[in-house]
1. At a 10 angstrom cut-off on C-beta neighbours, averaged per residue, how do the peptides 17-25, 63-71, 186-194 rank from highest to lowest?
2. Check the straight Cα-Cα distances from K317 and name the lysines below 21 Å, setting aside those fewer than 8 residues away within the same chain.
3. For R161 and R32 in the same chain, what is the full-extension length gain: residue separation times 0.36 nm, less their Cα-Cα distance, in nm?
4. 5 Å is the cut-off here: which amide hydrogens, built 1.01 Å from N in the peptide plane, fall below it relative to Q160, excluding neighbours closer than 5 in sequence?
5. Pairs of Cα atoms under 8 Å, at least six residues apart: use those to get the relative contact order of segment 245-317, whole percent.
6. Work out which helices of the chain, taken as complete DSSP H runs, extend at least 30 Å along their axis over the Cα atoms and score a mean Kyte-Doolittle of -1.0 or more, then list them.
7. What are the aspartates and glutamates whose alpha-carbon lies under 19 Å from the alpha-carbon of K244, with same-chain residues fewer than 8 places away excluded?
Amino acid sequence: MGNSFGQLFRITTWGESHGGGVGVVIDGCPPRLPLTEADIQPDLDRRRPGQSAIVSPRQEADRVRILSGTFEGKTLGTPISMMVANEDARPEAYSEMASKFRPSHADYTYQAKFGIRNWQGGGRTSARETIGRVAAGAVAKKILRAQFGVSVLAYVQQVQRVAAKVDRESVTFKQVESNIVRCPDRVAAGKMVRLIERTRRAGDSVGGMIECVARGVPPGWGEPVFDRLEADLAKAMLSLPASKGFEIGSGFGGALMAGLAHNDAFRMRGGTVRTVTNYSGGIQGGISNGETIYFRVAFKPVATVMREQETVDVSYKNTTLRARGRHDPCVLPRAVPMVEAMAALVLTDHALRQRAQCG
Ligand SMILES: Cc1cc2nc3c(=O)[nH]c(=O)nc-3n(C[C@H](O)[C@H](O)[C@H](O)COP(=O)(O)O)c2cc1C
């Protein structure tokens, strides 16, 4: 249960870190959309481990194969199944985790829930599960771009206390991809890289914040009351491993403002209803208002640190654990395409729902 997401554009991810592979089935993709592996691979390359000196060194090519749902380079409207093989599996590096629970990881809760778990590489709790999301997200991004003129872009906004200055309206994909930490502010990016390298050398980990912008969303997307657009975005983001917080528009900072300053005044501009400010983050009453949608997701410092820690073993005795294996000292750079993918999945689902109900 709990492995499917979305209503009209619905995905199901499958697979574990050290099984035969990981993948996704998409149901509800519109037919006749041009689609090949070349549309998917670039986002998987941004997600894969081993891509730079500040991420997990696990060596995975993460080559995607489309197994079904396309014919002669176009979608058929039938389920699209995509998979990536696991190649660089090293179960022996995780042997301590067979008998000990990593603090703040999912070892204990999976054991408590299922009474069994694949401890190799973290099983399904590994960020490898998100390959399916990123692959499906690439399809969603293509639909958004081609059929609705919508773009989705995420970037690292903060690592621990190092924060970037970014103009949400003008930031580009090229700026984000210009450095290994995926922060469009070059000065902040340099500091972030140095902080992550220092942290890795100390055998520790750091967290931070990713911001995501969706530009070109028309007014009308979102289904009050339970499927408010921001509620679905929040669920999507908090379903990502290691995510700890979500805020849209003014977010938690808005709670400190007074209403007069916080209200987004309406003005007609070029025959369109626009707002002067955008504290709402592009969504009001759970429905997009035509302004840029923007939100932030907080990620925790990765649980698996290379230092001895207190924990409990599978026979419920106190013990200590010094983890091994290949781990990210900071998830942020690789989480950027995951945030984009989840945002694109939510927006595509709501675009199709809006078209189905309101034409
Ligand atoms: C891009 C990315 C990479 C990650 N890499 C690791 C890792 O190397 N080691 C680790 O312990 N956790 C890693 N995680 C986090 C775990 O998957 C996550 O902490 C675990 O599933 C428990 O879930 P929770 O932290 O949301 O409670 C990563 C998460 C993301 C998004």
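1. The most tightly packed comes first, giving 17-25, 186-194, 63-71.
2. Within the straight-line limit of under 21 Å, K317 reaches these lysines: K100, K113.
3. Value of the extension gain: 41.8 nm.
4. The list, which skips near neighbours in sequence, is G207, G208, M209.
5. 31 percent
6. 332-358
7. By straight Cα distance, K244 reaches D107, E129, D204, E211, E230, D232, D328, E340.
Every read-out reported here was derived from the displayed coordinates using simple, explicitly stated rules and does not represent laboratory data. Values in this document were obtained by computation on a predicted structure and should not be read as measured data. Cβ: placed from backbone, ideal geometry, glycine included. Neighbour counts: every protein chain shown.
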